[in-house]
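S.K.: This structure is in structure tokens; I'll ask about it shortly.
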Protein chains: 2
Amino acid sequence: MSNTVSAPEALAPGTLRVTPVGGLGEVGRNMTVFEFDGKLLIVDCGVLFPEEHQPGVDLILPDFEAIRGRLDDIVGVVLTHGHEDHIGAVPYLLKRKGDIPLIGSQLTLALVEAKLKEHRIKPYSMTVAEGQREQLGPFDLEFVAVNHSIPDALAVAIRTPAGLVLATGDFKMDQLPLDGRLTDLRAFARLGEEGVDLFLVDSTNADVPGFTPLEREIGPVLDQVIGKAPRRVIVASFSSHVHRVQQVIDAAAAHGRRVAFLGRSMVRNMTIAEQLGYLNVPDGVLIDYKKAKDLPDDRVVYMSTGSQGEPMAVLSRMANLDHAIEPGEGDTVILASSLIPGNENAVYRVIDGLTKLGANVVHKANAKVHVSGHAAAGELLYCYNILGPKNVLPVHGEYRHLMANAKLAQDSGIPAENTIIAENGTVIDLKDGVTRVVGQLDLGFVYVDGSSVGEITDADLKDRRILGEEGFISVIVVVDAATGRIVTGPEIHARGFAEDDTVFDSVKPKIAQALTEAAKSGVRDQHALQQVVRRTIGRWVNQSLRRRPMIVPMVIEA
Amino acid sequence: MSNTVSAPEALAPGTLRVTPVGGLGEVGRNMTVFEFDGKLLIVDCGVLFPEEHQPGVDLILPDFEAIRGRLDDIVGVVLTHGHEDHIGAVPYLLKRKGDIPLIGSQLTLALVEAKLKEHRIKPYSMTVAEGQREQLGPFDLEFVAVNHSIPDALAVAIRTPAGLVLATGDFKMDQLPLDGRLTDLRAFARLGEEGVDLFLVDSTNADVPGFTPLEREIGPVLDQVIGKAPRRVIVASFSSHVHRVQQVIDAAAAHGRRVAFLGRSMVRNMTIAEQLGYLNVPDGVLIDYKKAKDLPDDRVVYMSTGSQGEPMAVLSRMANLDHAIEPGEGDTVILASSLIPGNENAVYRVIDGLTKLGANVVHKANAKVHVSGHAAAGELLYCYNILGPKNVLPVHGEYRHLMANAKLAQDSGIPAENTIIAENGTVIDLKDGVTRVVGQLDLGFVYVDGSSVGEITDADLKDRRILGEEGFISVIVVVDAATGRIVTGPEIHARGFAEDDTVFDSVKPKIAQALTEAAKSGVRDQHALQQVVRRTIGRWVNQSLRRRPMIVPMVIEA
């Protein structure tokens, strides 16, 4: 299924328009736009991290083309929780219009504000909590507690005269959460009684059978590993996973160890989480990592970033002995984290490096030190049965996840025609309990590279892939403008191609000859001469070396 | 652990020298050299497939530097089985000396010969079978049947006056193999009685607890999926996995479906396997894929390549509708294969593409359609206990796999000082049941790119990574040789960098000015002027765009 681009019809009165802008067909850059009576409400505004076919890209943003010319109509951005794939694009949105209000829970807004501070933006923000109701323009919002791999996550129910919509954000249904804050199924039941017209639901783990294990099952494993560790312990995890860090702190304290945070985002986020009371640290347990070095080895736990093998993060640098803490014989390293697809090689390189240094590396493949943050199929069925929604829009996931989620909805009794498999930019109208796809926007990837946003195109990435696979050969020839006679050159330079440039000695006369012949037959146009050069060397390199580097011919008139 | 390079001492009389050349600290390019009394025996000669930090590389060879100047001393190459990571570098070895004898089982040699034919090489080969003994120079070889994910695999026992060595090649210990050909533990027991001085043992799955499940457990799953499939079935697997293909053929035949092979290597290998009797195809089951299109959809199974998401293989092309067979609604696709780390993104892209076309995709994450070909920890313990080797050299694996295997050896009672963790190029001498590390060769990666072998260096790959991440900017200025005055330029071209070149308008005057100033102060040297250009534009692009493309300044005298 791939929708053809078509402009949506005008929005009819009393109708709610729902447009997923990001997060469908991908894991990341979640963003959905709701429109009613000329006003827009945005739910989440996250980033996507690039894959290997998008080289050199720092971040990928949702395509704000979806709200072009409508910035003044936005009544607010609801942020369901503080993960990058839900908040990371907020600075780029606020750079377009700084006074768009942000609505979210205390921890979510604290994390967003810390991020915005780095961009020198001070936002207009409104803190909300579960159970709270707020009217934003025509949107009557109710916030519902959900459990996820970060505290203080919220689902949002959106009421308009067109009907009731529930968007889960990311969630799971841990029935014994560390903070006692359950996904509020009583609220789900109440909303179900009222009648949910459209349910936007997290699909990330829809193709995982059964139930996500309890976060608290990890505690005893950490306790055992840390308890038996003979020397230093280094734990790597996501820097926003407060409950995972809490369990590390608890295990460390139980065994008389102090904890030092490592990595900028870990220090920043855990400082915020502690200040706001989401992280409980017994007195005297935390220690600055510079002072921790003076402790005996069996009295310290380092809590660090870099669990995905990111080359610049603490754990990779440790594995390369490029960090003040140098792991060695007898140390224990725990990767208490998921392994995001695509990161395997990087993560295993780090694990091998640490093993080589003598460390004992514990990770999810050899111990139960991670559980997912997303509801698996069994949990999603509970949701469908408790809510009994009229229509379902699976969100947050690759196509196979959306399909698996739609199948679960159908298994629970929701008619297939009421489960909507959409793409980013699919425009869905809701009225009287009926949804209709009314258009398809042409949305793309917006690449952030350095300080440039949206300047790198897919054509540039294609060039990068060619350059990165094959390198390039540049040929410079200076010719006399009047006669076409070669003044200097051909000079040939190559990068990423071969050890030295003498390999080109045999092709230079061929190029000179081709250019001379072209000049004799009256060709003077710079572009045409460059094509002569390209063809000559291109054919040579392909036939003699069976390779296809980028060829950059430059014929210059002097 | 990283051994310092040191030339080995001269080989003492009566001593066996063992040098692993490839396959240690990596999964691939397995090759070990044995030396006794001036003669060399090579066991395996495979390739390694590149990772993402080795862009554009086709294959990686073992570093033949280890046998430089010794080609005439080689008495033969024993090939334990027909997988690429054990035979793939043979053509490159034989290009150096065509008459080195190849020794292997019937199927192994048939696969090598088919590969060599593509390189237009006809080898000298000697077919051996389990139980057979052959004398090659000073090496007394005995071949032992082992079970693996390709038929006809052999371990090799090497006897010299220095002692008895056993090298497993790749193996597992399936106790109910499809072809009834067990890993010969009776032979292992007999060798153990005789006394194994050194055991070279496959480490690939040493960190996997327990036992590899039986290959035949997959049959009923395939049978059920194919039996229930409403329309076409497409199965992807490795093109050398004869037993997996056998089970697909059996399930297809049981449900009245015909089987068409797709993909060059699948057709080639299965034709060989059938001709030699390793694959049993009931009469009338095979059909050419061009004719299969005329069959009803529920009467056909396509057996194809591409299970790792390789972009040019059949399955990826099907997912992109770039193949004569176009999957659609109701079709079933089975990936009956492993998912090699690093291929996740590519494989999931193919799965998503097929799902989008309407196919039901069955793979190892949602059904039991794959088992490994390597012995897990439980099986390795059996080996250690039956053999009771004096010394152990774990081979075939990343560092963590070698470490896990050494740990298993030690758990079984082998002293830690007799378990050798080596690197490629570690030189180990064996005499009187005692091993000693006597040197460390300086071996590297030999990259094949197109028709070039060993010309691409790590510096070129670094250039490619920069080019692939950031693109490049080239600046051309033609100057008067005598005065240094700018004749033409600066012309600036960029690729993989930004949408258009007008972004450079503001930096051109800066470059011109910097060059004019340099010329005024008497700088004429081309290299020095290029450095001026590089510094000027480099500083500008870094400060104004926060990026670091490759900068290629070219100052040309005219």
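S.K.: What percent does the relative contact order of chain B come to when contacts are Cα pairs within less than 8 Å and at least six residues apart? Working shown, then result.
M.R.: Details: 1231 pairs, mean separation 89.2, N = 558.
In percent, rounded to a whole number, it is 16.
S.K.: Can you give the angle from 0 to 90° between the axis of helix B:218-228 and the longest principal axis of chain B, with both taken from C-alpha atoms, to the nearest 10?
M.R.: 80 degrees
S.K.: Bin width 10 Å, origin at 0, all Cα-Cα pairs of the range A:215-363: what percent of pairs per bin?
M.R.: Binned Cα distances yield the sequence 12, 46, 36, 5, 0.
S.K.: While we're here: Report, largest value first, the span of the C-alpha coordinates of the range A:73-168 along each principal axis, in whole Å.
M.R.: So the extents along the principal axes, rounded to whole Å, are 38, 33, 19.
S.K.: Mind giving me the nanometre distance, one decimal, between the label points for residue B:194 and residue B:528, set 7 Å out from Cα along Cα→Cβ?
M.R.: 7.3 nm
S.K.: Now, a different point. What aspartates and glutamates sit close enough to residue A:520 to cross-link, taking a C-alpha to C-alpha distance under 20 Å and skipping anything fewer than 8 places away on the same chain?
M.R.: Of all the aspartates and glutamates, those that pass the test against residue A:520 - Cα under 20 Å, at least 8 places apart if same chain - are A:480, A:557.
S.K.: Leaving out ligands, DNA and RNA, calculate the buried accessible area for the pair B and A with a 1.4 Å probe, summed over both sides, in Å² to the nearest 100. Present the calculation step by step, with values, prior to reporting the outcome.
M.R.: On the way: alone 24420 and 24410 Å², together 43550 Å².
The B and A chains share an interface burying roughly 5300 Å².
S.K.: Something else now. What residues from the range A:245-267 fall in the zone where the backbone N is under 17 Å from a label point 7 Å along the Cα-to-C-beta line of residue A:216?
M.R.: Correct set: A:245-251.
S.K.: Another question, then. List, shortest first and in nm to one decimal, how far the label point of residue B:407 (7 Å from Cα along Cα→Cβ) is from its counterparts in the other copies.
M.R.: Inter-copy label distances (nm, one decimal, shortest first): 3.7.
S.K.: Roughly how many percent of the accessible protein surface of chain A is carbon and sulfur, given a 1.4 Å probe and a whole-percent answer?
M.R.: Values: 10820 of 21770 Å².
Roughly 50 percent, rounded to a whole number.
S.K.: Keeping every protein chain present and rolling a 1.4 Å probe, give me the accessible area per residue for the range A:215-363 in Å². The partial results should precede the final answer.
M.R.: Values: 5900 Å² over 149 residues.
Here the residues of the range A:215-363 average 40 Å² of exposed surface.
S.K.: Helix A:185-194 versus the longest principal axis of chain A: what is the Cα-based angle in degrees, 0 to 90, to the nearest 10?
M.R.: 90 degrees
S.K.: How big is the antiparallel share of DSSP beta bridges in chain B, given as a percent to the nearest 5? Kindly include the intermediate steps, with their values, before the conclusion.
M.R.: Numbers: 51 of 96 bridges.
DSSP beta bridges in chain B are roughly 55 percent antiparallel.
S.K.: Here's another thing I want to ask about it. Under 19 Å from the 7 Å Cα→Cβ point of residue B:283, by amide nitrogen: which residues of the range B:244-266?
M.R.: Answer for this model: B:250, B:253-259.
S.K.: Another question about this same structure. I'd like the orientation of helix A:399-411 relative to chain A: the angle between its Cα long axis and the longest Cα principal axis, in ° from 0 to 90, rounded to 10.
M.R.: Between helix and principal axis, roughly 30 degrees.
S.K.: Tell me the mean residue ellipticity at 222 nm calculated for the protein assembly as shown from its helices only (DSSP H runs of n ≥ 4, each -39500 (n - 2.57), averaged over every residue, nearest 500). Write down the numbers at each step before the final one.
M.R.: Values: 30 runs with 322 residues, N = 1116.
Theoretical 222 nm ellipticity from helices: -8500 deg cm²/dmol.
S.K.: Suppose R0 equals 45 Å. What FRET efficiency, 1/(1 + (r/R0)^6) with r the Cβ-Cβ distance, do residue B:513 and residue A:293 give to the nearest 0.05? Walk me through the numbers on the way to the answer.
M.R.: Numbers: r = 50 Å, r/R0 = 1.12.
About 0.35, to the nearest 0.05.
S.K.: For a quick check of your reading of the filter: which trypsin sites (Lys or Arg not before Pro) in the range A:1-86 sit in a DSSP loop and have no more than 16 other Cβ atoms within 10 Å?
M.R.: Working: sites: A:17, A:29, A:39, A:68, A:70; in loops: A:29, A:68, A:70.
Sites meeting the loop and neighbour criteria: A:68, A:70.
S.K.: Once you sort the root eigenvalues of the Cα gyration tensor of the range A:369-411 as a ≥ b ≥ c, which label holds: rounded (a/c under 1.5), prolate (a/b larger than b/c) or oblate (the other case)? Walk me through the numbers on the way to the answer.
M.R.: Numbers: a/c = 2.30, a/b = 1.36, b/c = 1.69.
Note, shape of the range A:369-411 comes out oblate.
S.K.: Still on this structure, please answer the following. Expressed in nm², what is the orientationally averaged projection area of the convex hull enclosing the Cα positions of chain A?
M.R.: On the way: hull surface 124.8 nm².
Directional mean of the projected Cα hull area for chain A stands at 31.2 nm².
S.K.: Using the basic label-point model (7 angstrom from Cα toward the beta carbon), what is the residue B:543 to residue B:132 distance in nanometres?
M.R.: Between residue B:543 and residue B:132, the simple spin-label model gives 7.4 nm.
S.K.: Something else: Zone of residue B:520 (label point 7 Å along Cα→Cβ, backbone N under 15 Å): which residues in the range B:456-487?
M.R.: Once the point is set 7 Å along Cα→Cβ of residue B:520, B:484-486 turn out to lie under 15 Å by backbone N, inside the range B:456-487.
S.K.: Pairs of alpha-carbon atoms within less than 8 angstrom and 6+ residues apart define the contacts here; what relative contact order does the range A:458-557 have, in percent?
M.R.: On the way: 139 pairs, mean separation 37.8, N = 100.
Result for the range A:458-557 is 38 percent.
S.K.: With every protein chain in place, what's the accessible area of residue B:172 (1.4 Å probe, Å², nearest 10)?
M.R.: 10 Å²
S.K.: If Rh is defined by the Kirkwood formula over all Cα pairs and Rg also comes from Cα, what ratio Rg/Rh do you get for the range B:518-558?
M.R.: On the way: Rg = 11.7 Å, Rh = 11.1 Å.
Ratio of gyration radius to Kirkwood radius: 1.05.
S.K.: Quick one: which of A:356/A:462; B:39/B:407; A:462/B:508 span more than 30 angstrom between C-alpha atoms?
M.R.: Details: A:356/A:462 37 Å; B:39/B:407 33 Å; A:462/B:508 27 Å.
In this structure, A:356/A:462; B:39/B:407 lie more than 30 Å apart at Cα.
S.K.: Moving on to the next point. DSSP beta bridges in the protein assembly as shown, what fraction antiparallel, as a percent rounded to 5?
M.R.: Numbers: 102 of 194 bridges.
Approximately 55 percent, going by the DSSP bridge assignments.
S.K.: Rounded, prolate or oblate: which one fits the range B:93-134, using the alpha carbon gyration tensor with axes a ≥ b ≥ c (rounded when a/c is under 1.5, else prolate when a/b beats b/c, else oblate)?
M.R.: In terms of gyration-tensor shape, oblate.
S.K.: Next up: Once the cut-off is 20 Å, how many percent of the Cα-Cα pairs in the range B:458-557 end up in the long-distance tail? Walk me through the intermediate numbers first.
M.R.: On the way: 1804 of 4950 pairs.
The share of Cα pairs beyond 20 Å in the range B:458-557 comes to 36 percent.
S.K.: Additional query: For the protein assembly as shown, report the translational diffusion coefficient in µm²/s to the nearest whole number, using Stokes-Einstein at 37 °C, 0.692 mPa s, and a Kirkwood Rh over Cα pairs. Spell out each step's value before the answer.
M.R.: Working: Rh = 32.8 Å.
It comes out at roughly 100 µm²/s.
S.K.: Could I ask something else about it? Nearest beta-carbon of A to the rotation axis carrying it onto B: which residue, how many whole Å?
M.R.: Of all Cβ atoms in chain A, the one nearest the axis gives A:468, 1.
S.K.: Then there is this: One decimal, nm, shortest first: give the distances between the label point of residue A:230 and those of the same position in the other copies, each label point 7 Å from Cα along Cα→Cβ.
M.R.: 6.2
S.K.: Label residue A:437 and residue A:186 with points 7 Å out from Cα along Cα→Cβ: what is the distance between them in nm?
M.R.: A separation of 4.0 nm, rounded to one decimal place.
S.K.: Taking the Cβ of residue B:414 as the center, what net charge do the other residues with Cβ under 11 Å away carry, scoring Lys and Arg +1 and Asp and Glu -1?
M.R.: Numbers: positive: B:390, B:407; negative: B:411, B:417.
For residues surrounding residue B:414, the net value is 0.
S.K.: Are any of the pairs A:115/A:290; B:95/B:172; A:172/A:228; B:97/B:122 more than 22 Å apart by Cα-Cα distance, and if so, which? Intermediate values should be presented prior to the final figure.
M.R.: Details: A:115/A:290 25 Å; B:95/B:172 33 Å; A:172/A:228 32 Å; B:97/B:122 12 Å.
The answer is A:115/A:290; B:95/B:172; A:172/A:228.
S.K.: Placing a label point 7 Å from Cα toward Cβ, how far apart in nm is residue B:264 from its equivalents in the other copies, listed shortest first to one decimal?
M.R.: 4.8
The values are calculated or read from the model by the stated rules, or taken from the named source; none is laboratory data. Just so you know, these numbers come straight off a predicted model, no measurement behind them. We place every Cβ from the backbone using ideal geometry, glycine too, and count neighbours over all the protein chains shown. Just so you know, the surface numbers come from the protein's heavy atoms only, side chains and all, with ligands and any DNA or RNA stripped out. Shrake-Rupley method; radii C 1.70, N 1.55, O 1.52, S 1.80 Å.
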